[in-house]
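The values are calculated or read from the model by the stated rules, or taken from the named source; none is laboratory data. Fair warning: this is a prediction, and the values are worked out from it, not measured in the lab. For the accessible areas, the whole protein counts, side chains as well, though only heavy atoms, and no ligand, DNA or RNA atoms are used. Shrake-Rupley method; radii C 1.70, N 1.55, O 1.52, S 1.80 Å.
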Amino acid sequence: MKNTTLRTLFFAVFMLCFGLVAGAYWFQHGPQQQQPCPLCILQRYLYLGIGLVALLAGLHGPDLVGRRIYAALIWLLALTGIGLTVWQLSKGDTMNSCLSDPIGEFVQNLPSAQWFEGKLFFATGGCADKYPPTLGLSLAVWSLICFAVLSIIATFIVLRPHMTRQVNK
């Protein structure tokens, strides 16, 4: 990975996160019609947050301290996503309707819930809803894997001090 610049890695994280949100949109409005629960919507916010931090880091091209700050933000957001997804996987089956609990009300009342005509950040499904697996796993498990990969990438960025910055010529 010595030819990979720091900016390239941050831009790859940005593309991954926005690809995941686009994929979630496709699962919601595509042929499978998998309706997101409030916890799924919170995961979308976390992916967008990670993606925006990575985009800023890629545009900025930070030095060692700056890149560690960006990576720490990504790491914290990814760990939050891991916690949220583990909670969804462990408690989701026991929730009758997460749309009417405090988390559901919070998510539905965010101003962004109405953006894009309520199609991207508006929860329409329940946490206990069951859908066919995708490549053998539920979307929540795939989300957990993606958050884990993002936290590993952020840890890698922090621990690799010799990774080069791309210099403008």
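Protein chains only, probe 1.4 Å: how do 27, 156 rank by accessible area, largest first?
So, going from the largest accessible area down, we get 156, 27.
Can you give the accessible area of residue 142 in Å² (nearest 10), computed on protein heavy atoms with a 1.4 Å probe?
Accessible area, nearest 10 Å²: 80 Å².
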